[in-house]
1. Restricting to the range 118-141, and then to whatever is surrounded by 10 or more Cβ atoms within 10 Å (Cβ to Cβ) and of a type in the set (A, V, I, L, M, F, W, C), can you tell me which residue is farthest from residue 92 (Cα to Cα)?
2. For residue 304, indicate whether it is closer than 25 Å to residue 251 by Cα, without any contact (Cβ under 8 Å) to a residue 60 or more places away in the chain and under 22 Å from the mean Cα position of the chain (by Cα).
3. If we scan the range 153-164, do we find a residue that is hydroxyl-bearing (Ser, Thr, Tyr), within 27 Å of residue 113 (Cα to Cα), surrounded by fewer than 17 Cβ atoms within 10 Å (Cβ to Cβ) and not assigned by TED's automatic domain parsing to the domain that holds residue 116?
4. Going through the range 182-218 one residue at a time, which ones are at pLDDT below 90 and either part of a strand (DSSP E or B) or aliphatic (A, V, I, L, M) (or both)?
5. As an exercise: evaluate residue 353 against (1) under 20 Å from residue 253 (Cα atoms); (2) surrounded by fewer than 16 Cβ atoms within 10 Å (Cβ to Cβ) and give the number of the one condition it does not meet.
Amino acid sequence: MSKIFELYGFRLDCWNDEAAKNRAKAWCPFMDSECDGGGNRYLSAIDLKSSNHLRRYFPGKDIVQSGVCSLRLREGEQPWIVCPRRLLSLKTQMPSDYQSHVKAELAQRSELEPRKAYRAWSEVKMKIETTNNDDETKSFDYTFDYIIAGTVRKKVSEIVSLVGNSERVTLRIAEENGYTIAMRDGERWIDDFPAEPIIIVEIMTSSTSGGDKKKRTQIAMACEDAIIDPANHNGPSINYRQVWARMVSQLIVKSQVGLAWGGRTFWLLQDVLANYISSTTALDLSRYIAKYPNEVNILAFGYDDVDGADAKPIMELEDSTFYSGPITENAGDSQAKGFVEIVKIGAPPNKEHLWRSLFKKAPSGILRL
């Protein structure tokens, strides 16, 4: 049965006083701030005002997010990360003590200059209309997990033309967002305006199933039970198909956007998810193990020796593999291959499986013509 493996960053089976103090603040050690539920689990927040039995674990708080970082579906198997902050967070000015390897791999593979600071923007939404080479209007509606960019000095007068605001409004926006304004030769400049290089970072972690309310496997219920009695709780399962569908719908598009901007897109995921993709689609990732970036870039990370004697309460993801290759490539059989293979079925089932499935299920109705 599924169990919570990490709660508010700490392994549940290595719980200690430090973990309890961290949980009391509902703290995420990867963001170095209070847990936000991974940014997409707001419905899983725990209302402590109606949960008196939990209030003593979170002194002074009325609402906390369910701080489930990962799940272990079966004993002896690798845990599945279900929170994107667990894999990588660039929502803090201070470097995390537990994501140094992930950040180092990302910097190396994206060929960023060492010992240089790059700013990151989170959840960058773009909803615009564009035109293609045939002057056809197309809509673009995507949100990027992170965009990393360099800086350049730029005249405020040029920025005014770019953003379409007055100079007063442009300067106010610059001040509100922490940009450095300087005066040179009677003209205002922004010393750290966003510039190349452009690196798009997309984080794909596993989704959980809805869970069963009666069995208390919904994410918030599982979190509550794990806090009160860590050894006796049940967690939700993993929704494999939803994870794959979300990634398929964006992988090629966002990779193409990075190339169109003169930059690159990097997808960060867990090694067990990478293995699942290889086993269920026509894309065999092992063919694309690489040293250098290409059109599509995937960094897969995993836990190292989860059940080893030296396991720490907070684990850093130290195992990594880099996959990179073209969106399409011309194979010897004249068929287009490449990362577009992710949208194709790995192998269609034999017709006998259909007959077997139909025979085991009662018909739902009859079509009369």
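The values are calculated or read from the model by the stated rules, or taken from the named source; none is laboratory data. Just so you know, these numbers come straight off a predicted model, no measurement behind them. Methodologically, a virtual Cβ is constructed for each residue, glycine included, from the backbone with ideal geometry; neighbour enumeration extends over all protein chains shown.
1. 140
2. On the way: closer than 25 Å to residue 251 by Cα: no; without any contact (Cβ under 8 Å) to a residue 60 or more places away in the chain: yes; under 22 Å from the mean Cα position of the chain (by Cα): yes.
Answer is no for this residue.
3. First, the residues of the range 153-164 that are hydroxyl-bearing (Ser, Thr, Tyr): 157, 161.
Applying the additional criterion that residues be within 27 Å of residue 113 (Cα to Cα) yields none.
No; the residues of the range 153-164 include none that is hydroxyl-bearing (Ser, Thr, Tyr), within 27 Å of residue 113 (Cα to Cα), surrounded by fewer than 17 Cβ atoms within 10 Å (Cβ to Cβ) and not assigned by TED's automatic domain parsing to the domain that holds residue 116.
4. The one that is at pLDDT below 90 and either part of a strand (DSSP E or B) or aliphatic (A, V, I, L, M) (or both): 208.
5. Failed condition: (1).
For every residue, the table says whether it meets (1) closer than 22 Å to residue 301 by Cβ; (2) modelled with pLDDT of 90 or more; (3) outside the structural domain of residue 296 (by TED's automatic domain parsing); (4) β-branched (Val, Ile, Thr).
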site: 74; (1), (2), (3), (4): yes, yes, yes, no
site: 97; (1), (2), (3), (4): yes, no, no, no
site: 105; (1), (2), (3), (4): yes, yes, no, no
site: 108; (1), (2), (3), (4): yes, yes, no, no
site: 116; (1), (2), (3), (4): no, no, no, no
site: 138; (1), (2), (3), (4): no, no, no, no
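To keep it simple, each residue is scored yes or no on (1) aliphatic (A, V, I, L, M); (2) outside any loop (DSSP other than H, G, I, E, B); (3) touching a residue at least 24 places away in the same chain (Cβ under 8 Å); (4) under 18 Å from residue 82 (Cα atoms).
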position: 221; (1), (2), (3), (4): yes, yes, no, yes
position: 234; (1), (2), (3), (4): no, no, yes, yes
position: 243; (1), (2), (3), (4): yes, yes, yes, yes
position: 272; (1), (2), (3), (4): yes, yes, yes, yes
position: 277; (1), (2), (3), (4): yes, yes, yes, yes
position: 286; (1), (2), (3), (4): no, yes, no, no
position: 293; (1), (2), (3), (4): no, no, yes, no
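Yes/no matrix, rows are residues, columns are (1) of a type in the set (A, V, I, L, M); (2) touching a Gly at 6+ places or on another chain (Cβ under 8 Å):
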{"residue": "308", "(1), (2)": "no, no"}
{"residue": "315", "(1), (2)": "yes, no"}
{"residue": "338", "(1), (2)": "no, yes"}
{"residue": "348", "(1), (2)": "no, no"}
{"residue": "353", "(1), (2)": "no, no"}
{"residue": "368", "(1), (2)": "no, no"}
